[in-house]
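Structure record follows, encoded as structure tokens.
Taken together, the values in this text are just the output of simple stated rules run on the coordinates, not laboratory data. Everything numeric in this text was worked out from a predicted model, so none of it was measured. No Cβ is skipped: glycine too gets one built from the backbone with ideal geometry, and neighbour counts run over all protein chains shown.
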Amino acid sequence: MTRTLILIRHTKSDWGDAGLSDHDRPLNERGQLSAPRIGHWLARTGHTPDMAMISSARRTQETWAGIAGQLENPPDPIISHGLYNAAPADLLTAIRSAEDAKTLAIVAHNPGIGSLAWSLCAMPPDHPKFGLYPTGATLALSFREAWAEVAPGRGRVLDFVVPRELPDPD
């Protein structure tokens, strides 16, 4: 069975309240508009997750809520503090734990999510923003192996997009 992995960096967050911890920062207006664009794109391209693992940070949960609102049957998110500012190895461990999912979405943070995206690609996408993995960057990869066997260099790129390239949902 082919599996699809969707790696999503949270959308743009708000830095306006210096009293908030990094973990508690919400999305700013641009981030709130970008998340539904990603969800609409995922639905339109058929990259609809049946499992979603989300960092416990407020901005990643708000990103997932915006995405999920555009999906027909979004999965309930699995919220994990271990994904908050996780290193690529920790993100890979989480991916390898997804036993039953056909399409898995991970919403997390840079630099971990971008580094993992780069390492998993057999051949990275030819996109000028891929190396930066900006806020809202979304990569869809396919794997032939079971989640427990996912390894660097084995993912075939299906799609890569950043929210600024996407139209607002209808």
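Side notes on the structure shown:
- Sites ARG96 and GLU72 - FRET efficiency at Förster radius 35 Å, r taken between beta-carbons, to 0.05: 0.80
- Length gained when the stretch ARG30-ARG164 is fully extended (0.36 nm per residue, less Cα-Cα span): 47.3 nm
- P(r) tail fraction, the stretch 1-77 - alpha-carbon pairs more than 20 Å apart, %: 31 percent
- Potential lengthening between HIS81 and ARG154 on full extension [0.36 nm per residue; Cα-Cα distance subtracted]: 23.6 nm
- When each full DSSP H helix of the chain is screened for a Cα extent of at least 20 Å along its own axis and an average Kyte-Doolittle hydropathy of at least -1.0, the helices passing are 29-45.
- Kirkwood Rh in Å, taken over the stretch 103-170 so that all alpha-carbon pairs contribute: 12.7 Å
- q = 0.11, 0.13, 0.20, 0.24 Å⁻¹, the stretch 35-136: log10 I(q)/I(0) [Debye, one scatterer per Cα]: -0.31, -0.44, -1.13, -1.52
- Around ALA137: net Lys/Arg minus Asp/Glu count, Cβ-Cβ under 13 Å: +3
- The convex hull of the Cα atoms of the chain, projected and averaged over all directions, covers 8.9 nm².
- Annotation: extensible slack from LYS129 through THR45 equals 28.3 nm (criterion: 0.36 nm per residue apart, minus Cα-Cα distance).
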